[in-house]
């Protein structure tokens, strides 16, 4: 097929990258995003109170990318607004038909990941969000996460931890209960109201978004054919000793909001974890 004709088939995708610091990590992420094999992208970098040094480096990067015909915008906030609020502001600015939310500690080394995600969404209107598998950069042959299952009592369980990326059981395109970094339609995300700001400053915001997506009648899908590489947890900023207490409070909020959905999903949860080593110990995830 003529490449130029093929490129006209693909709608524009807006890629939102949130950062609160770590300029070297963020720049590596942005380079990998810009290098993906997709013809029509815009990159919106959300500087969520990262400081002047990071802001300057982001604007310099944006200028270099524009010279290479990659459109990059930087949206800067003087303070950390929280992951949900910052992403929602970006959602209001994006110009694509589809939107991808990528953390700044992710490397998009699989250059075809975006084509596959968009193809899944275009082929099936009942799919609301698609998330690639996540692989830790330090252990590239093993999975860190292939989507999430959620126990009927609310425990969020990453699927496929430590499993081989070549294991065919984890290479399917399959429904899951939640994903992390993901691609969706802009209209769908706006209709949902974006991310729930009750989950600011951070904590289970993508999982909660997936719950609302499913409650609205959409399917959440993990693409087992695509991998994103994870560098480390630096996206939401530093919260010191408060980190664990914030995460725990958001876990409780998630259970309060979606407990009935999780209870109704018992059979789905059981199917999702049937290949896991703890499949016979569901009670341990209360």
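Pairwise Cα separations in the chain fall into 5 Å bins from 0 onward with the following percentages, short to long: 1, 6, 12, 17, 20, 18, 14, 8, 3, 2, 0, 0.
Cα centroid distance between segment 68-146 and segment 180-212, in Å? The distance from the Cα centre of segment 68-146 to that of segment 180-212 comes to 12 Å.
For residue 37 and residue 171, the difference between the fully extended length at 0.36 nm per residue and the C-alpha to C-alpha distance is 46.2 nm.
Remark on segment 146-252: Rg and Dmax equal 14.7, 40 Å (Cα only). Looking at segment 32-85, what % of the alpha carbon pairs are farther apart than 16 Å? Value for segment 32-85 (Cα pairs over 16 Å): 45 percent.
Quick note: the coordinates plus some simple rules give every number you see, no bench work behind them. Fair warning: this is a prediction, and the values are worked out from it, not measured in the lab.
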